[in-house]
Each structure stands twice: as C-alpha cells, then as structure tokens.
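The values are calculated or read from the model by the stated rules, or taken from the named source; none is laboratory data. None of the values given here were measured: they were computed from a predicted structure. Because the Cβ atoms are built from the backbone with ideal geometry, glycine has one as well, and the counts that use them run over all protein chains shown.
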Amino acid sequence: MCLLLNSAPAQTQSFFVNDAADMISSEEEQVLEEWIKNYQDSTSTQIAIITVPSLGGKTIAAYALELATQMGVGQKKKDNGLLILLARDERQVRLEVGYGLEATLTDLVCQRIIGQEMLPLFRKGEFGLGLQKGLLVVAKMLSGEFTAQDLEPPKPWLTEKEYIAQLLNTSILQIVIAFIYLLLSYYLKYPKYLTNFSGYFILFGPLYLYQLIISIIAQHAALASVFWVELIFTVLLYGGGHPGFYDSSGGGGGYSSSSYSSSSSSSSYSSSSSYSSGSSSSGSWGGGSFGGGGASGSW
C-alpha cells in the first residue's frame, strides 16, 4: 500500500477530479468537478476521477483497487463509491466499483460503458467529453433510467444462421448459372464477350455484389471472409483461361453530446501529499470498500 502512495501523483486544486496526467482541460475539469459534487449531494454516491502519467509497472486493475481502497471513496455503510482511473502512458481506463454498486454496475455494464461511451472519444483525444458521457450513463444506470439491456450492442441485421442460409442459396444459384454458362461456352455460338473473363462477371457480378452487401449488413466479419475466399478462388480458377470454359479464340475465360450543467461554486482538494480519506473544504471520502469489481479498456 505504501508503494502505491509513493507513486501517486500530487493532488490538484479539485477534490473529486485529479488530473495529474494533464489529460483534461481546466474547463472540463471544473464541469466534471461540479457535476460530481452535485451528484454526491443528491444521491450520496461518491465518484472520483484520477489520471496518472503511468501505472509504474502495475496492472490498472491492481492500481485502481489499491487506490480506491486507500482513498475510501463512497460512504462507509453503503460502499457506494466509483473510481475512474486513466493511465496516460498505458492508454488504459478503469472503472473501479464499490461493493454497494456492484449489483447495478456489473463488470459487463462497466465494460459496455467504457467501450460504447468512453473509448470512441478517448481515441480522438477527447478525454473530458468521454468522461462526461460515461458519467451520464453511470448516473442513468444507478437511477434506474437505464438497464443493462439498454447498453446491449446493436444486433446484426441477419443472425448467423440466416446469413449462412443466404450464402448457401446464392452459392447454389451460382452453380446453376455456372452449369448454364458451361453449356453456352461449349455448345452454343454465344457472343464472345460472354465466354471470356468479363462475361463471367457479367453473369455472376450481381450475385457477388449481393453476397458482399449481406456480409456487410450482417456484421459477421468471420463469415464475410467466406465471400472473399470464394471470389479470390474464382478469379484464380477461371481468370487465366481454365480449360473448362472455352471461347472461339481458344483461350478460355470463364469465370450514433450531452453536456453537464455547472454551478458557480468552486472546490479545493485536500493539501495532503497523498490520497486519503481526510476532509477538505469541499467534501471528504466516506470510507467505502471495494472488492475488485469493474472493468478496464484500452484506447
């Protein structure tokens, strides 16, 4: 525990927000500080936001748990604390959840809040806005306005079984067309442009396009690779004049931000040299407990 305290950054003027890694603008820090203070006053839930330059070799989960426990974020009998830790050099974020909030802010919920609300903005360097969006969802989850189902990722237009069925149907249709194409190539005097490489794609192009479209819409990356393998195989098989297809020249060819309201009040962080559960002019940590619940993410 002492090693963590020695590696902890010096505190800034804020109480609830400590931007030791200088990742948030002063204006955004003030907005976050005042919003968290107002949220604590209305709910008793305590939230701390801390950025550090580096984790010093620790995992972000271990660092956040030790730090949250040492600070005592949350009320002692309610354990309703939340620590949001950002590590600049490691490009990682952690939501460390107190015991009393784990039933609502489950590991899965925290993972979705990080992945859907925070990381897209963090990757753009918009850390203040990402934190604001994450906090808004946290507040809605804790108030019951949101449920875990509201955070489920969008479902694909086609299920895996439906996508496979579509792929098989178009493949069967390709076989039928290929058989007809073979008859045209061998036994009928058909226009030359239909019995070479380009002719194949005149006949099969719409099917390939359809397969590509449903691959994209279905959002099944692994299954979509089947389309590309099939296309590449076709080009290699028929593009160089495969003997199964004949033309008259003898060369085959076939083939989805909310903003915080801010008040004019100001807060100051405790002047102690380490994070502690002591009091300050704006508040104090209540001695909440943590058990390692939460989630992490990288940007």
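List of remarks:
- Some residue of segment 69-86 being surrounded by fewer than 17 Cβ atoms within 10 Å (Cβ to Cβ), assigned by TED's automatic domain parsing to the domain that holds residue 48, farther than 16 Å from residue 296 by Cβ and among the hydrophobic types (A, V, I, L, M, F, W, C): no
Yes/no per residue for (1) outside any helix (DSSP H, G or I); (2) at pLDDT 90 or above:
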residue	(1), (2)
112	no, yes
125	yes, yes
129	no, yes
145	yes, no
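- Subset of segment 87-103 [in contact with a helix residue (DSSP H, G or I) (Cβ under 8 Å, 6 or more places away or on another chain), over 11 Å from residue 296 (Cβ atoms) and of a type in the set (Gly, Ala, Ser)]: 98
- Residues of segment 104-131 satisfying the condition of being over 16 Å from residue 299 (Cβ atoms) and either aliphatic (A, V, I, L, M) or surrounded by 19 or more Cβ atoms within 10 Å (Cβ to Cβ) (or both): 105, 108, 109
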